[in-house]
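Taking it in order: structure first as structure tokens, then the write-up.
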Amino acid sequence: MNWDVMWDSLPELAEGALLTIELVAISGVLGLALAVPLALARVARPLWLRAGPFAYIFVFRGTPLLIQIFLVYYGASQFETVRESFLWPILREAYWCAIIAFTLNTAAYTAEILRGAIQAVPEGEVEAAKAIGMGRWMRLRRVVLPRAFRIALPAYSNEVILMLKGSALASTITLLDLTGVARTLIAKTYMPIELFLAAGLFYLLITGIILQGFRLVEKRVHGVGE
Amino acid sequence: MKTAMKMMFAGAVAALTISGPAAAEDTLRIGTEGAYPPFNQIGPDGELEGFDIDIANALCEEMDRNCEFVTQDWDGIIPGLLADKYDAIIASMSITPERDKAVDFTKRYYSNKLRFAAKKSSDIKPTKKSLEGKTIGAQRATISAQWLEENMGDIVEIKRYDTQENAFLELDSGRIDAVLADMLVAYEWLDSDAGSDYEFKGKAVYSGDKIAIAVKEGNNELRKEFNKAIKAIRKDGTYQEINEKYFPFDIY
């Protein structure tokens, strides 16, 4: 075990960790924003409304994230029309390709978590809201969604952590995220154990912070709710 | 059901005990990448093929050893050797001072140069002035990537790819302005349909690249055995025969 190599790699790994956090945070927020309407459409009664989200969730949960990233990064760029379109300045960048793939992926999982939570909102509460004359949107805004978010919270924290670890795949499309930096340093030093260990510690640290954050949120919403 | 499982388990244990240690002693395990045409790649039939593979097979025959190939992603190929996943690396590996510290090299089995390739319409030249501010692709953990870092690190953006093929693919998409690669690998790609719009730019920026077989540090016996075999296949014409299959000029 070469401790010097581990120690010397910390500043560069920290820089990679920042990119990792950035990727997870941005795609997490975008994914959540996308997941809410998806989940609502998914539980809607009309077939035309729920068929699309169902297919979307099925595809993105049913294929590996690595393949999704490769399709966005290497796949899209093979088409002349994409390269000439207004989207190219965005799709050209590995950074945005990663964000797009991660967002679409996490939106599918989160939508499914939310769908379960919406359906788990006790019938009685919805009935009560109806009884005091709340309209459909007010019911959704004041009763169903707040209740569903609370139910979904533990499962959602799990999804965020899974996405943190999935973000390591950004290194396969030239990004120097935590894993990307580790791999580049390994290419110079041939010390995979030291560097992967150091990178692993960074991931653990980030996971710890995420868990702590969710614990605080959970405490808060339960304090208000119950 | 239960007996069937028991029998299967017993069979598996027997197979492990019989073939395990014995095979590890007799068979020479050779690590290669399998994604570096025309030197080592997976062919349409799913089998490894290429110059490295042919040379490895010729050497094994010369040494009278039974050889088995293990494919391993490039950036883990030296760690794999150090972790005893195979006994030698025959994967177009250049001798560099850094690698020489981690492993031992045989004498060379071919030579190479580093050269830039870019679109035919591009007027890029391999000079600092021309490359300033450009984005250059190379395979991660290769001497091309290292050369870029050491010589152009402050003026170009370097993009590192997991395989050489992905770097060429990116030239096609226009995300990078040029690729720095082993000349012989680029030669094969430029010669193919995919590379028909591209060409070498300028002269080689680095020559004297020696490609050799890597063995674990201190494994002198195997290193010497390989050296002897390389000499032998050079002498009896086997090497030249393989060379001709891939390149119309001598690459030794």
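The values are calculated or read from the model by the stated rules, or taken from the named source; none is laboratory data. Please read all numbers here as calculations on a predicted model, not as lab measurements. Note: ideal-geometry Cβ built from the backbone for every residue, glycine included; neighbour counts use all protein chains shown.
The residue list B:ILE233, B:ILE176 contains one member that is among the hydrophobic types (A, V, I, L, M, F, W, C) and either outside the structural domain of B:ILE30 (by TED's automatic domain parsing) or more than 21 Å from the chain's Cα centre (by Cα) (or both), which is B:ILE176. Only one of the numbered conditions (1) at pLDDT 95 or above; (2) surrounded by 19 or more Cβ atoms within 10 Å (Cβ to Cβ); (3) small (Gly, Ala, Ser) is not met by A:GLY62, and that is (2).
A count restricted to segment B:26-49 and to residues that are within 10 Å of the chain's Cα centre (by Cα) and either surrounded by fewer than 19 Cβ atoms within 10 Å (Cβ to Cβ) or not hydroxyl-bearing (Ser, Thr, Tyr) (or both) stands at 9. Checked against (1) over 27 Å from B:ASP84 (Cα atoms); (2) touching a helix residue (DSSP H, G or I) at 6+ places or on another chain (Cβ under 8 Å), B:ILE213 passes all but a single condition, namely (1). Among all positions in segment B:186-209, there is no residue which is within 14 Å of another protein chain (Cβ to nearest Cβ), over 17 Å from B:MET93 (Cβ atoms), assigned to a helix (DSSP H, G or I) and touching a Gly at 6+ places or on another chain (Cβ under 8 Å).
Consider segment B:167-181 and keep the residues that are of a type outside the set (Asp, Glu), farther than 24 Å from B:GLY76 by Cβ and part of a helix (DSSP H, G or I). The one that is farthest from the other protein chains (Cβ to nearest Cβ) is B:LEU171.
For the residues A:LEU169, A:LEU104, the requirement of being within 14 Å of chain B (Cβ to nearest Cβ), surrounded by fewer than 24 Cβ atoms within 10 Å (Cβ to Cβ) and not basic (Lys, Arg) singles out A:LEU169. Only helices (runs of 4 or more DSSP H) whose full extent lies in segment A:85-165 are considered here, and the ones with at least 1 residues that are within 20 Å of the chain's Cα centre (by Cα) and within 30 Å of A:LEU176 (Cβ to Cβ) are A:88-91, A:94-120.
Restricted to helices (runs of 4 or more DSSP H) entirely inside segment B:77-166, those with at least 2 residues that are within 11 Å of chain A (Cβ to nearest Cβ) are B:77-82, B:97-102, B:143-152. Go over the candidates B:ALA194, B:ALA232, B:ALA214 one by one and state the one that is of a type in the set (A, V, I, L, M) and touching a strand residue (DSSP E or B) at 6+ places or on another chain (Cβ under 9 Å). Only one candidate passes the filter, namely B:ALA214. Sort through A:VAL43, A:VAL5, A:VAL24, A:VAL36 and tell me the only one that's touching a Lys or Arg at 6+ places or on another chain (Cβ under 6 Å) and surrounded by 12 or more Cβ atoms within 10 Å (Cβ to Cβ). Residue meeting the stated conditions: A:VAL43. Residues of segment A:160-191 being more than 16 Å from A:ILE21 (Cβ to Cβ) and of a type outside the set (Lys, Arg), which ones? Answer for segment A:160-191, where residues must be more than 16 Å from A:ILE21 (Cβ to Cβ) and of a type outside the set (Lys, Arg): A:THR172, A:ILE173, A:THR174, A:THR184, A:LEU185, A:ILE186, A:ALA187, A:THR189, A:TYR190, A:MET191.
For segment B:139-169, the set of residues classified as within 14 Å of the chain's Cα centre (by Cα), buried (at least 18 other Cβ atoms within 10 Å of the Cβ) and of a type outside the set (S, T, N, Q) consists of B:ARG140, B:ALA141, B:ILE143, B:ASP162, listed by residue number. Screening segment A:176-220 for residues that are among the aromatic types (Phe, Trp, Tyr) and within 11 Å of another protein chain (Cβ to nearest Cβ) and picking the one that is surrounded by the fewest Cβ atoms within 10 Å (Cβ to Cβ) gives A:PHE196.
Residue-by-condition table, conditions (1) at negative phi; (2) among the charged types (D, E, K, R); (3) buried (at least 21 other Cβ atoms within 10 Å of the Cβ):
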| site | (1), (2), (3) |
| --- | --- |
| B:LEU171 | yes, no, yes |
| B:ALA178 | yes, no, yes |
| B:ALA186 | yes, no, yes |
| B:SER192 | yes, no, no |
| B:VAL205 | yes, no, no |
| B:ILE211 | yes, no, yes |
| B:ASN220 | yes, no, no |
| B:GLU241 | yes, yes, no |
| B:ILE251 | yes, no, no |
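Just one of the numbered conditions (1) closer than 23 Å to B:TYR246 by Cα; (2) at pLDDT 95 or above is not true of B:TYR86; which one? All conditions are met except number (1). Just one of the listed residues (B:ALA214, B:ALA229) is part of a helix (DSSP H, G or I) and within 19 Å of B:ARG108 (Cα to Cα), namely B:ALA229.
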